[in-house]
Structure formats: C-alpha cells, structure tokens
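The values are calculated or read from the model by the stated rules, or taken from the named source; none is laboratory data. As the structure is a computational prediction, the values presented were derived from the model and not from experiment. A quick note on method: Cβ atoms are made from the backbone with ideal geometry, for glycine too, and the neighbour counts reach across all protein chains shown.
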C-alpha cells in the first residue's frame, strides 16, 4: 500500500483534544482560581458568594497585584491554568493595560486590580452589600 502524506497523524495534536484532567465544576474552578492567585502572590484576596444574589456567576473573586505587570502576569497564568486543567478558555478584558483585569470563567468571575484602582472602584464593597436588608 502506498503512503499518503495526508494520512499522517501527529501524535501531539491528539493531546490537545483530550478530556479535562479535572471535572469542570464551580467548586473546582474556584479552588483553581484561589490556588493560582496564592501561587502568584496576589494580595487582599476576597471571595464573594453570589448565589441567590446574581445569575451571572456563583462566586466573585477580587484580588490585587502590586503593579500592572504583576496583574497582567497573574491573569495570564490563571488563564493558562484554566485551559490546562479544564480545557476552558475564559473571557478576559483589560489584560493589555493591567490596571483592572476581568476574567469570566462562567461560574467564577475574577477581578484583578492594581491597589489604587481597586480602592477607587471599591467593587467588593458594592457586591457584599447587595442582598442585605435594613442597612
């Protein structure tokens, strides 16, 4: 039988289509996010439970980096880890500037800030107050 160049299968191409190594759940995603931020020395990490408060996600995570470079690097590493672990390509905004990066994984929304920008917007305060009555 004659060899056909189009019939060649690259074994490395098959690894890109394998199943995720960990089942994609809200809890597993949150665990990976928190672990990644801890590994990358994120500061003032706050997690906000959005269940029953918003349909957009189960949890919001807010964290700070010391500089635009650290914020952008934390975002990139988190996106790489999500892709490697869950085969998940998260939506991201703001990575090029590094002042405020939003990463939307579906169940977990991550906001990474420079400290000055975080203080200005006070995003976690706004979300933590939602759902409280009589305040």
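Overview of values
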{"quantity": "Test result for residue 56, part of a helix (DSSP H, G or I) and within 17 Å of residue 104 (Cβ to Cβ)", "calculated": "no"}
{"quantity": "Conditions (1) in a strand (DSSP E or B); (2) under 20 Å from residue 95 (Cα atoms): number failed by residue 71", "calculated": "(1)"}
{"quantity": "Answer from 124, 116 - the residue that is modelled with pLDDT under 95 and within 20 Å of residue 41 (Cα to Cα)", "calculated": "124"}
{"quantity": "Qualifying residue in region 61-82 (condition: surrounded by fewer than 21 Cβ atoms within 10 Å (Cβ to Cβ) and at pLDDT below 95)", "calculated": "no"}
{"quantity": "Candidates 38, 44, 10, filtered to the one that is modelled with pLDDT of 95 or more, farther than 23 Å from residue 126 by Cα and either surrounded by fewer than 17 Cβ atoms within 10 Å (Cβ to Cβ) or more than 12 Å from the chain's Cα centre (by Cα) (or both)", "calculated": "38"}
{"quantity": "Selection count, region 85-100, where residues are on the phi < 0 side of the Ramachandran plot and either within 11 Å of the chain's Cα centre (by Cα) or without any contact (Cβ under 8 Å) to a residue 40 or more places away in the chain (or both)", "calculated": "11"}
{"quantity": "Breaking point among (1) under 25 Å from residue 23 (Cβ atoms); (2) assigned to a helix (DSSP H, G or I); (3) in contact (Cβ under 8 Å) with a residue 60 or more places away in the chain, for residue 124", "calculated": "(1)"}
{"quantity": "Lone unmet requirement of (1) under 22 Å from residue 54 (Cα atoms); (2) crowded, with 19+ Cβ neighbours inside 10 Å; (3) out of contact with any helix residue (DSSP H, G or I) (no Cβ under 8 Å at 6 or more places or on another chain) for residue 117", "calculated": "(1)"}
{"quantity": "Filter result for residue 110 (at pLDDT 95 or above, over 10 Å from the mean Cα position of the chain (by Cα) and closer than 20 Å to residue 25 by Cα)", "calculated": "no"}
